[in-house]
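J.: One structure is given below, represented as structure tokens, and several questions about it will come after.
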Amino acid sequence: MNENLKDIWILGSGHTLVVLAILQIIDLALTLAHALQERKGRLWRYFGAIAGVKIPDRVGQPLFFGGLTISLWIVGLLGMAGTVLWQTPLAFGCLGAIIGCRVADSWFSHIRLNNAGYRPNPGLPSVPLYLAEALVLLVVFYPSLRMQTFPVLVGFVVGVVAFYAVLPVLKTFGRLLFEPTEPWHRGSPQPEW
């Protein structure tokens, strides 16, 4: 492992496990902090209001808080630890995916919707931290990104599409699963229900 770490990340081989643990802890903590903000603001109701459906708390809480948080933790662990320790295509793909998830979640779920007038946006305060983490991962893992371009790019695209697709999927299929309602109009207060 130590011989080829210069081809994996810019941090070299000194204190590899300690540095990796620090990166992983930061990733896990950022995911949790962001998810808690979204949970407090009931992100599922926010998205549902925009899409014109009522997503009940008993569905939204486990799906948008529990499922999403655990999924991002797994992708982050496989991406960072896997890239350093095992160097498999899956690990490189997950590294690309966690970067794609951070960027796409920030843009599609928060910045773009907030700028469009859907306010208040749950999770918006932690978006700068998400974008900073994506930048740090791009810099730290630059050698892997450069040498394993295809799996990283596939993972990045999967991460972006996962967050891009949330609202279109809810607008298209949400009425089949949830109670329809009048969609939230930009600039107006968020509907109460």
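The values are calculated or read from the model by the stated rules, or taken from the named source; none is laboratory data. From a predicted model like this one, the values you see are computed outputs, not experimental measurements. All Cβ positions, glycine included, derive from the backbone under ideal geometry; neighbour counts span all protein chains shown. Protein only, heavy atoms only, side chains kept; ligands, DNA and RNA dropped before computing areas. Shrake-Rupley method; radii C 1.70, N 1.55, O 1.52, S 1.80 Å.
J.: At a probe size of 1.4 Å, how large is the accessible area of T16, to the nearest 10 Å²?
T.: For T16, the solvent-accessible surface is approximately 10 Å².
J.: Which whole-number percent gives the relative contact order of the chain, counting Cα pairs below 8 Å spaced six or more residues apart?
T.: Here the relative contact order equals 33 percent.
J.: Further question on the same structure: Taking all protein chains as present, what is the carbon and sulfur share of the accessible area of the chain, in % to the nearest whole number, probe 1.4 Å?
T.: 71
J.: Going by amide H atoms built from the backbone, whose H comes under 5 Å of the H on L11, apart from near neighbours?
T.: none
J.: Tabulate in residue order the Karplus-calculated ³J(HN,Hα) for segment 84-89, using 6.51 cos²θ - 1.76 cosθ + 1.60 with θ = phi - 60°, rounded to whole Hz; enter x for Gly and Pro.
T.: Couplings: 6, 8, 10, 6, 9, x Hz.
J.: Just one of (i) 1.18; (ii) 1.36; (iii) 1.11 is Cα Rg over 2.2 N^0.38 Å calculated from these coordinates, so which is it?
T.: (iii)
J.: In degrees, nearest 10, range 0 to 90: what is the angle between the Cα axis of helix 127-140 and the longest Cα principal axis of the chain?
T.: Roughly 20 degrees, rounded to the nearest 10.
J.: Once phi is turned into θ = phi - 60°, what whole-Hz ³J(HN,Hα) does the Karplus curve with 6.51, -1.76 and 1.60 give for every residue of segment 71-76, x standing for Gly and Pro?
T.: Those phi angles translate into 4, 5, 4, 5, 4, x Hz.
J.: Taking H as built 1.01 Å from N, whose amide H comes closer than 5 Å to the amide H of V53, not counting residues under 5 places away?
T.: T181
J.: Now for a separate question. Hey, in the GNM for the chain with a 10 angstrom Cα cutoff, which one of V139, V157, V103 fluctuates hardest?
T.: V139
J.: At 222 nm, what value in deg cm²/dmol follows for the chain if DSSP H runs of at least 4 each add -39500 (n - 2.57) and the sum is divided by all its residues, to the nearest 500?
T.: Value at 222 nm, helices only: -20000 deg cm²/dmol.
J.: What's the local net charge at A97, with K and R +1, D and E -1, over the other residues with C-beta under 13 Å away?
T.: -1
J.: Let me ask something else. Per residue, what accessible area does the chain have, given a 1.4 Å probe and all protein chains present, in Å²?
T.: Ligands and nucleic acids excluded, the result is 51 Å² per residue.
J.: From the phi of every residue in segment 165-182, what ³J(HN,Hα) in whole Hz does the Karplus formula 6.51 cos²θ - 1.76 cosθ + 1.60 yield, where θ is phi - 60° and glycine or proline is x?
T.: So the J values, rounded to whole Hz, are 6, 4, 5, x, 5, 5, 5, 7, 10, x, 5, 6, 10, 10, 5, x, 8, 5.
J.: Sequence neighbours fewer than 8 away in the same chain don't count; with that in mind, list the aspartates and glutamates whose C-alpha is under 18 Å from K40.
T.: Qualifying aspartates and glutamates at Cα under 18 Å: D57, D105, E192.
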